[in-house]
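Below: the structure, in C-alpha cells.
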Amino acid sequence: QKEVEQNSGPLSVPEGAIASLNCTYSDRVSQSFFWYRQYSGKSPELIMSIYSNGDKEDGRFTAQLNKASQYVSLLIRDSQPSDSATYLCAVNRVLTGGGNKLTFGTGTQLKVEL
Amino acid sequence: GAGVSQSPSNKVTEKGKDVELRCDPISGHTALYWYRQRLGQGLEFLIYFQGNSAPDKSGLPSDRFSAERTGESVSTLTIQRTQQEDSAVYLCASSPGLAGVSFSSYEQYFGPGTRLTVT
C-alpha cells in the first residue's frame, strides 16, 4: 500500500462546477496535511493546509480531513479553466528525534472545461 | 518577501560529467528539502536538512548523489558521473522547521526547480 494515494485522473469538470479531489494515507500518526497545485512545467504551490478533523475553507477552496478514515479531500467551488492543473496531496510525519518528512501522492490531474 | 531560489534554471550536461545545483531557501527557514521529479512522474524525496545537518538522507538514489548545506542558508546538491537516468527537474523546498511552534512550521515552499538534461 502506498503511503499517500490519489486517483491520477484526469478529472474533468465543466466550468462553474465543484471539483472534488480525494486522497488517502496509510500512516495513522500523521498530523499535518497539505494540498499543492502544480501547473505543467512549474513547481508545486501550496494552496491549503489542514491539521484537525473537519472542514477548512479558503475562498473557493475547502479542505476536509477525516483522521479516523485516513482521508483528506479538496473541494474547488465554481471551477475555472485556470484551476486546470495537477493537485498533489501531501502528508507530514514527525520523525523520531525531531524533524519531519512530507510524503506526496502522485497527484490528480484536473481539467476544467469551458 | 523573497521565495526559494534555485540555480541554474536549466542545465545540460554530458554523461559522466559532475553537476552542482544550488538552492537558496526563504530567509529564516531552518529546514530544507531536495526532491526529484522525472517527466510525468510524482515527487521523489532525496534529502532533508535541519540547519546544516541531514537527519534523513534516505532518498539519495546512489553514492553519486551528495548534498551539503552551509548553516541555515544555501544548499548544494552534487551529482557525480551523471547518467541519462538523472535527467529530471530537481526541486528544492524550505519550511520554518523546528524554529516554528505550530503545524505551519511544516509547510514547505518550493523553488522554481533546475531542469537537468544529461545527453
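Here is how the numbers come out for the structure above:
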read-out: All positions within the range B:65-74 that are surrounded by fewer than 18 Cβ atoms within 10 Å (Cβ to Cβ), of a type outside the set (Asp, Glu) and in a strand (DSSP E or B); value: B:66
read-out: Every residue from the range A:43-78 that is outside any strand (DSSP E or B), surrounded by 14 or more Cβ atoms within 10 Å (Cβ to Cβ) and within 14 Å of chain B (Cβ to nearest Cβ); value: A:43, A:44, A:51, A:67
read-out: Count - residues of the range B:76-108 that are part of a strand (DSSP E or B) and modelled with pLDDT of 95 or more; value: 10
read-out: Residue among B:77, B:43 that alone is in contact with a Phe, Trp or Tyr (Cβ under 6 Å, 6 or more places away or on another chain), closer than 21 Å to residue A:38 by Cβ and more than 14 Å from chain A (Cβ to nearest Cβ); value: B:77
read-out: Residue in the range A:85-96 that is assigned to a helix (DSSP H, G or I) and touching a residue at least 12 places away in the same chain (Cβ under 8 Å) present; value: no
read-out: Test for residue B:103: is it of a type in the set (A, V, I, L, M, F, W, C) and within 14 Å of the chain's Cα centre (by Cα); value: no
read-out: Elements of type strands (runs of 3 or more DSSP E) in the range B:1-64, at least 1 residues being free of Cβ contacts under 8 Å to residues at least 24 places away in the same chain and hydrophobic (A, V, I, L, M, F, W, C); value: B:44-50, B:53-56
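The values are calculated or read from the model by the stated rules, or taken from the named source; none is laboratory data. Just so you know, these numbers come straight off a predicted model, no measurement behind them. Note that we place each Cβ from the backbone using ideal geometry, even for glycine, and neighbour counts take in every protein chain shown.
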